[in-house]
1. Quick check: at a probe of 1.4 Å, how many percent of the accessible area of the stretch 37-154 sits on carbon and sulfur atoms?
2. For V290 and E310, FRET efficiency with R0 = 25 Å and r from the beta-carbon atoms, rounded to 0.05?
3. Quick check: residue separation of Y62 and N78 times 0.36 nm, minus the Cα distance between them. What number comes out in nm?
4. Given a 1.4 Å probe, how much area per residue of the stretch 295-421 is accessible, in Å²?
5. Is there a pair in K59/K360; K181/K376; K59/K279; K59/K137 whose C-alpha atoms are over 31 Å apart, and which pairs would that be?
6. Once fully extended, how much extra length lies between A434 and L97, figured as 0.36 nm per residue of separation less the alpha-carbon to alpha-carbon distance?
7. Using a probe radius of 1.4 Å on heavy atoms only, what accessible surface per residue do you get for the stretch 56-186? Whole Å² is fine.
8. For the residue pair M400 and Q442, what label-to-label distance in nm results when each label sits 7 Å from Cα along the Cα-to-beta-carbon direction?
Amino acid sequence: MKKFKKGLLAGASVLSICMLLAPLTALAAEEEAALPSMYATFWALVPPIVAIVLALITKEVYSSLFIGILVGGLFYSNFSFEGTVTHIFNDGFVAVLSDSYNVGILVFLVILGAMVSLMNRAGGSAAFGEFAKEKIKSRAGAQLATVALGVLIFIDDYFNCLTVGSVMKPVTDRHKVSRAKLAYLIDATAAPVCIIAPISSWAAAVSGFVEGEDGFSIFIRAIPYNYYALLTIVMMIAMILLGIEFGSMRTHEANALNGDLFTTGASSSTEETAPAGAKGKVIDLIIPIVTLIICCVIGMIYTGGFFEGEGFVSAFSNSDASVGLALGSIFAMIITIIIYLCRRVLTFTECMECLPSGFKAMVPAILILTFAWTLKAMTDSLGAAVFVAGAMEHSASGLMNFLPAIIFLVGCFLAFSTGTSWGTFGILIPIVVAVFANSNPQLMIISISACMAGAVCGDHCSPISDTTIMASAGAQCNHVNHVSTQLPYALVAAAVSFITYIVAGFTQNAWISLPIGVILMLAVLIIIKMCTRPSEI
């Protein structure tokens with residue numbers, strides 16, 4: 001109750017300040033009559049900032065996101081009651097839930113939830129946990145195995161988050177790794193790995209934003225300069241091997257060693273468990289996962305025209321991830337049910353019971369995604385992209401060597417505020433190409449990489465990012481716990497990346513700047529370890 005009152009008071013305060021200052025912005029705005037008075041001003045970024053701050057203060061995600069949406073609706077309608085309600089529901093909730101791409105992602109979420117329920121009910125997850133107990137002997141081993149699997153599943157970040165979580169939960173639970181740490185490992189091997197994988201939905205997206213250039217070739221050349229992604233992987237492995245934990249994650253890990261994997265008691269009561277005497281074996285988890293991977297890859301290249309004559313790489317680059325993942329997951333679920341029926345580990349009735357059970361397990365993620373998408377719609381309608389693009393164009397001259405570091409920070413802020421990395425690519429990369437294409441191609445490569453790294457960093461930190469939400473769902477971790485424990489780690493990687501981009505801006509050589517960044521990251525981690533009091537973790 002105290003948290004609710006605190007959140008309500010904070011939200012009321014923010015709304016009051018915004019209403020008092022709104023006339024000042026309205027007088028200064030010189031936009032067309034059809035656009036809101038706050039269009040393309042800093043106020044366009046206020047709604048997501050309000051939502052994020054409230055979520056971190058109150059630990060209540062749904063109410064915080066809704067207040068952010070309400071602020072966006074008020075700004076758009078110039079504080080008209082009817083206009084606010086109409087904009088929030090027609091242009092917000094209804095629009096995002098009728099968008100075909102979003103619906104495809106929701107279908108994929110629900111079906112994967114059902115598959116997880118099937119694997120748990122059949123005893124495949126429990127059998128894999130017993131198998132891993134013999135092969136993985138330590139907490140460090142369980143975490144390294146999670147990282148390795150996350151790196152291997154580089155096709156798509158959504159697919160990565162939910163698949164890695166499904167496979168590794170029995171292993172990490174057995175070795176008393178907190179769900180918050182599992183969520184971090186999943187999140188840190190999702191977008192950061194996809195953004196440096198040439199064959200991924202992210203590579204296709206980035207290549208499409210580089211107009212007038214060979215987008216795929218530029219993506220390949222930008223990989224050594226994608227410092228946030230590379231240094232995040234280095235940081236994860238080093239922390240696991242050196243036993244370093246800091247921030248609120250340290251508390252979660254200490255509690256996990258004492259048997260409390262969730263710290264706040266936010267365990268998922270909707271997870272299906274294997275009944276006593278279940279016949280499941282390891283193959284009852286391995287076969288569905290392998291089937292899912294194969295079916296999703298086929299689904300993605302199908303949407304890219306592979307079966308109409310396109311090459312594999314070209315088809316993957318042109319694929320529609322939403323449709324491909326939905327199609328692939330449906331076929332994988334049908335195949336899984338058939339296999340379980342043939343092996344007689346589940347009856348047909350038990351298989352059908354797992355469908356609503358899996359749906360219920362994904363309801364929190366679906367709600368948060370819907371609110372996050374609606375908040376993004378509010379931000380887009382206020383012209384946040386136009387505001388940031390204009391600010392970038394005005395700051396491009398006179399700071400050429402520092403521009404990669406500046407672009408990295410702008411990408412971080414924009415992705416953090418809007419919860420989208422792909423939208424950040426679309427705003428910043430065309431600006432970078434226009435500035436550098438004819439003057440300094442090498443600095444253009446570094447700056448494009450800075451766009452990608454900053455977007456992934458902001459997306460990694462943001463509570464309203466769909467990837468962050470998926471990671472929470474994959475680990476069955478309380479979403480605010482995941483965000484608050486991950487943030488200090490992401491900020492350390494971001495600080496080291498920022499310094500490395502300054503070095504890269506002057507050296508313009510990956511073989512100089514990247515080793516400096518790795519050495520600096522290891523030095524920072526060793527200093528943190530020395531400054532942190534010893535513990536059992």
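The values are calculated or read from the model by the stated rules, or taken from the named source; none is laboratory data. Fair warning: this is a prediction, and the values are worked out from it, not measured in the lab. Quick reminder, even Gly has a Cβ in these numbers, built from the backbone with ideal geometry, and neighbours come from all protein chains shown. Please note that ligands, DNA and RNA were not included when accessible areas were found on the heavy atoms of the full protein model with its side chains. Shrake-Rupley method; radii C 1.70, N 1.55, O 1.52, S 1.80 Å.
1. Carbon plus sulfur share of accessible area: 69 percent.
2. On the way: r = 25 Å, r/R0 = 0.99.
Given R0 = 25 Å and the Cβ-Cβ separation, E is 0.50.
3. In short, 3.3 nm is gained.
4. Per-residue value: 42 Å².
5. In this structure, K59/K279; K59/K137 lie more than 31 Å apart at Cα.
6. On the way: separation 337, 0.36 × 337 = 121.32 nm, distance 3.49 nm.
Answer, rounded to one decimal: 117.8 nm.
7. Heavy-atom accessible area per residue stands at 35 Å².
8. It is 1.2 nm.
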